[in-house]
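Visitor: Shown below is the structure under consideration.
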Amino acid sequence: MSFLPLKDRFAALIAVPSVSCTQPALDQSNQPVIDLLANWLSELGFACEKQQVEPGKFNLIATYGSGPGGLVLAGHSDTVPFDEALWQSDPLKLTDTGERWVGLGVCDMKGFFALIIEAVQTLLDQPFRQPLIILATCDEESSMSGARALAEAGRPLGRAAVIGEPTGLKPIRLHKGVMMERIDILGQSGHSSNPALGRSALDAMHEVMGELMQLRRQWQQEYRNPQFSVPQPTLNFGCIHGGDNPNRICGQCSLEFDLRPLPGMQPEALRAAIRQKLQPLAERHEVNIDFAPLFPAVPPYEQPADAELVRLAERLTGHTAQAVAFGTEAPYLQQLGCETLVLGPGDIDCAHQPGEYLDTDRLIPTVQLLRQLIQHYCLSPR
């Protein structure tokens, strides 16, 4: 049995790039990370099952013990893209500043797997009365195809599931939905010296963005949930692409945006409102406008406050379960029959940014918390 130091496991995970992205040029396979985790967990006696979701994309289900029920400790194996020039250190190398470990995925959230292994490896000499399942998914940062595939397969995983997303070690039982959408405008290119020679997709997109901003203001006035730190729905313009040269009328323009609805807001109703705004613009600018989701919407998530897992996590952490604005794979694990909670050591404020970090004073408390969860669900008589 191999007992690598915790820091070495962090460093090894960070060193293997596993970007998932809606832009094909930036998207990468997660297989090297899955293989690394499977090797480590196999050495510890876990039965490891790799599930290919699509070419180059894999889930890992690693199980120790057998029987119904048990605990799932889950996370995603991918990261967002990174701007290396904006980092003060190598994003694919773990940097120790003393108070923080810095690196891509250290917080969100490949480092969580190293903490799970640190927690479980000292418990393996005890009899497991219920199984421990370690779940690593693909493409959470883009399509959530890994979690969707698990939900569609419908195979039960465990009685309770904890997803180690960055929550500052505070339990989360509620989050918003996630919609990632794309608008494509096709106009007509032409010489810039005469606007009559073309139909500018960029001019049309300018108005489209104005209408979306107006809808954003409208929705934020109509909907509010004080349980969330950001109590309104949000709409973020994530990326825009169009044209090829200053002296050509822009013939094509694409916008991708992200919409975070509150529980009770229906994705199809929101899309219908957007389509209603787009049609008059297409006619006025004499362009074609295509609007479609990049991926199926991620449902909002809520675990009842009186669930066993919620109460246990509140007791162990000393914090009342809260709500967050970001989305997770929690609703898909709920579909598989798990009481589900989001609870991890990182801070969401540094995720998706240069210099992503994890405070080192969170390491020992996280390992201790994970051991307590494993002991409750897997080692204690039921």
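The values are calculated or read from the model by the stated rules, or taken from the named source; none is laboratory data. This one's a predicted model, so the numbers in the text were calculated from it and none came from an experiment. Every residue, glycine as well, gets a Cβ built from its backbone with ideal geometry; the counts of neighbours run over all protein chains shown. When the accessible area is computed, the model is the full protein with side chains, heavy atoms only, and any ligands, DNA or RNA have been set aside. Shrake-Rupley method; radii C 1.70, N 1.55, O 1.52, S 1.80 Å.
Visitor: Going by what's in this entry, would Ala321 be described as surrounded by fewer than 18 Cβ atoms within 10 Å (Cβ to Cβ), among the hydrophobic types (A, V, I, L, M, F, W, C), at pLDDT 95 or above and in the same structural domain as Glu152 (by the TED database)?
Guide: Here the answer is no, as Ala321 does not meet what is asked.
Visitor: Can you name the residue in the range 285-301 that is open to solvent by 20 Å² or more (accessible area, probe 1.4 Å) and either out of contact with any strand residue (DSSP E or B) (no Cβ under 7 Å at 6 or more places or on another chain) or part of a loop (DSSP other than H, G, I, E, B) (or both) and is also nearest to Gly264 (Cα to Cα) among such residues?
Guide: Pro300
Visitor: I would also like to ask the following. All but one of (1) of a type outside the set (Asp, Glu); (2) outside the structural domain of Glu314 (by the TED database); (3) open to solvent by less than 20 Å² (accessible area, probe 1.4 Å) hold for Pro171; which doesn't?
Guide: Against the list (1) of a type outside the set (Asp, Glu); (2) outside the structural domain of Glu314 (by the TED database); (3) open to solvent by less than 20 Å² (accessible area, probe 1.4 Å), Pro171 comes up short only on (2).
Visitor: From the list Asp125, Asp96, Asp83, Asp90, which one is touching a strand residue (DSSP E or B) at 6+ places or on another chain (Cβ under 9 Å) and acidic (Asp, Glu)?
Guide: Asp96
Visitor: Within the range 264-279, which residues are open to solvent by less than 60 Å² (accessible area, probe 1.4 Å) and without any contact (Cβ under 8 Å) to a residue 24 or more places away in the chain?
Guide: Once the filter is applied, which keeps residues that are open to solvent by less than 60 Å² (accessible area, probe 1.4 Å) and without any contact (Cβ under 8 Å) to a residue 24 or more places away in the chain, the range 264-279 yields only Ala272.
Visitor: Mind checking which residues of the range 113-152 are hydrophobic (A, V, I, L, M, F, W, C), assigned to a loop (DSSP other than H, G, I, E, B) and under 14 Å from Tyr377 (Cβ atoms)?
Guide: Leu123, Phe128
Visitor: Across the range 88-97, which residue is least open to solvent (accessible area, probe 1.4 Å) among those that are closer than 24 Å to Phe3 by Cβ and part of a loop (DSSP other than H, G, I, E, B)?
Guide: Leu94
Visitor: Follow-up. Of everything in the range 174-187 that's assigned to a strand (DSSP E or B) and open to solvent by less than 10 Å² (accessible area, probe 1.4 Å), which residue is farthest from Gly198 (Cα to Cα)?
Guide: Selected residue: Leu174.
Visitor: For the range 317-331, which residues satisfy the criterion of being under 19 Å from the mean Cα position of the chain (by Cα) and part of a helix (DSSP H, G or I)?
Guide: Ala330, Pro331
Visitor: Filtering the range 332-377 down to residues that are part of a loop (DSSP other than H, G, I, E, B) and either outside the structural domain of Gly67 (by the TED database) or closer than 25 Å to Leu309 by Cα (or both), which residue is most open to solvent (accessible area, probe 1.4 Å)?
Guide: Gly337
Visitor: Could you please let me know if Leu212 is buried (at least 18 other Cβ atoms within 10 Å of the Cβ), more than 28 Å from Leu186 (Cβ to Cβ) and not β-branched (Val, Ile, Thr)?
Guide: no
Visitor: May I ask you to say which residue of Glu49, Glu43 is touching a residue at least 40 places away in the same chain (Cβ under 8 Å) and loosely packed, with under 15 Cβ neighbours inside 10 Å?
Guide: Glu43
Visitor: Right, another one. Report yes if some residue within the range 124-140 is over 31 Å from the mean Cα position of the chain (by Cα) and among the small types (Gly, Ala, Ser); otherwise report no.
Guide: no
Visitor: Here are some residues: Pro304, Pro231, Pro226. Which one is under 30 Å from Gly164 (Cβ atoms), part of a loop (DSSP other than H, G, I, E, B), assigned by the TED database to the domain that holds Gln368 and modelled with pLDDT under 95?
Guide: Result of the check over Pro304, Pro231, Pro226: Pro304.
Visitor: If Pro131 passes every condition in (1) in contact with a helix residue (DSSP H, G or I) (Cβ under 8 Å, 6 or more places away or on another chain); (2) more than 23 Å from Tyr332 (Cα to Cα); (3) surrounded by fewer than 24 Cβ atoms within 10 Å (Cβ to Cβ) but one, which one does it miss?
Guide: (2)
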